[in-house]
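Right, one structure below, let's go through it.
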Amino acid sequence: MPCRSRRTARRLSEWDERRQAAVEILHPAGSGRERARSAAWRHPHADRRIRRRALRGEAAFKRAPACYDGRNGRLSEIVVSHAAQEPWTVDEFLTWQEGRPGRYEFVGGMPVKMMTGATARHDDIVLNVLAELRQRLKGRSCRPFSADLCIRTSADQIRRPDAGVDCGRREPADLVAKKPVLVVEVFSPSTRDFDRAAKLTEYKAVTSIRTILYVEPNRPEVYVFERAEGPVESWQPERRVVGLENDVAIPALGIALPLAEIYDGIEFVPGPLFG
């Protein structure tokens, strides 16, 4: 069978994340049989069809024949059929996620497990940002939130930024930010490109979000995206704030975050920008 057109690496990653989410629904403990099937799927001569049925519907994950590239020893493409999927609603996803270990995002009507294994550096920066936001917003209606609270970026999309600020009326049982104004993402190797591309577009589409920050973990540098004020909705050009002596101004909240506080306790060493 001739090769179909090559799919991008991002399409392969998205399909694999969805397949893994369905596998976890059916095999939360990771049975030996499932591990064997997972290993077989990754082999170039594996069975060409793998199906998993997810909770609340019969979402079938199909894998069409792929062509094996003998030169580099890997599959050259994966084709995913979405025709047989039965998407969930956001409410169904939130009900399913509540009380379940791990964090999931909701993409295209299906749950996608978030990557785990963030470094201590990444975690320290997120905690610094949350602590600084809490201090500077103390006594105000706008409140910071972590990745435990999510943002609805479209009718069938739920994202969980590393940190953010919600200016909506918050109830104790809320799972979704009602009026997110600020979103903060700390770069990591596995999500850097996706955060700067697809996620940025999604965040910009949320009308209440005024400011988006992307934080470099290995050097004092923050990328700032701000919505422009005026009759026509638009975004100002990206700007960078560099150096521990500088602050990140967030006009929408009337505050500024010193980079010295964002990177408090962080030691910088030569190396890749992400870590």
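In the stretch 140-155, which residue that is in contact with a helix residue (DSSP H, G or I) (Cβ under 7 Å, 6 or more places away or on another chain) and not polar (S, T, N, Q) is nearest to Pro111 (Cα to Cα)?
Across the stretch 140-155, the extreme among qualifying residues is Arg152.
Scan the stretch 150-175 for residues that are among the hydrophobic types (A, V, I, L, M, F, W, C) and touching a Leu at 6+ places or on another chain (Cβ under 7 Å) and jot them down.
Hits for the stretch 150-175 are Cys150, Ala163, Val165, Leu175.
Could you say whether any residue in the stretch 215-226 is in contact (Cβ under 8 Å) with a residue 12 or more places away in the chain, under 19 Å from Ala118 (Cα atoms), assigned to a loop (DSSP other than H, G, I, E, B) and in contact with a Lys or Arg (Cβ under 8 Å, 6 or more places away or on another chain)?
Looking through the stretch 215-226, at least one residue is in contact (Cβ under 8 Å) with a residue 12 or more places away in the chain, under 19 Å from Ala118 (Cα atoms), assigned to a loop (DSSP other than H, G, I, E, B) and in contact with a Lys or Arg (Cβ under 8 Å, 6 or more places away or on another chain).
Sort out which residues of the stretch 246-258 are surrounded by fewer than 19 Cβ atoms within 10 Å (Cβ to Cβ) and part of a strand (DSSP E or B), and write them in order of number. Working first, answer last.
Of all residues in the stretch 246-258, those surrounded by fewer than 19 Cβ atoms within 10 Å (Cβ to Cβ) come to 246-247, 249, 251-252, 254, 256, 258.
Hits for the stretch 246-258 are Asp247, Ala249, Ala256, Pro258.
If I ask for residues that are at pLDDT below 95 and among the charged types (D, E, K, R), which ones from the stretch 163-184 would you list?
If the condition is that a residue be at pLDDT below 95 and among the charged types (D, E, K, R), then Arg169, Arg170, Glu171, Asp174 are the ones that fit.
Checking the conditions here, which among Glu261, Glu202, Glu185 is within 20 Å of Arg140 (Cβ to Cβ) and either part of a loop (DSSP other than H, G, I, E, B) or not basic (Lys, Arg) (or both)?
Glu261
Residues of the stretch 234-245 being in a loop (DSSP other than H, G, I, E, B) and in contact (Cβ under 8 Å) with a residue 24 or more places away in the chain, which ones?
Listed by number, the list holds a single entry, Leu244.
Report those strands (runs of 3 or more DSSP E) wholly inside the stretch 98-164 carrying at least 1 residues which are small (Gly, Ala, Ser), within 15 Å of the chain's Cα centre (by Cα) and surrounded by fewer than 18 Cβ atoms within 10 Å (Cβ to Cβ).
Where strands (runs of 3 or more DSSP E) fall fully within the stretch 98-164 and carry at least 1 residues being small (Gly, Ala, Ser), within 15 Å of the chain's Cα centre (by Cα) and surrounded by fewer than 18 Cβ atoms within 10 Å (Cβ to Cβ), they are 143-146, 151-154.
The values are calculated or read from the model by the stated rules, or taken from the named source; none is laboratory data. Keep in mind that this is a model prediction, so the values were computed, not measured. As a convention, Cβ positions derive from the backbone with ideal geometry for all residues, glycine included, and neighbour counts pool all protein chains shown.
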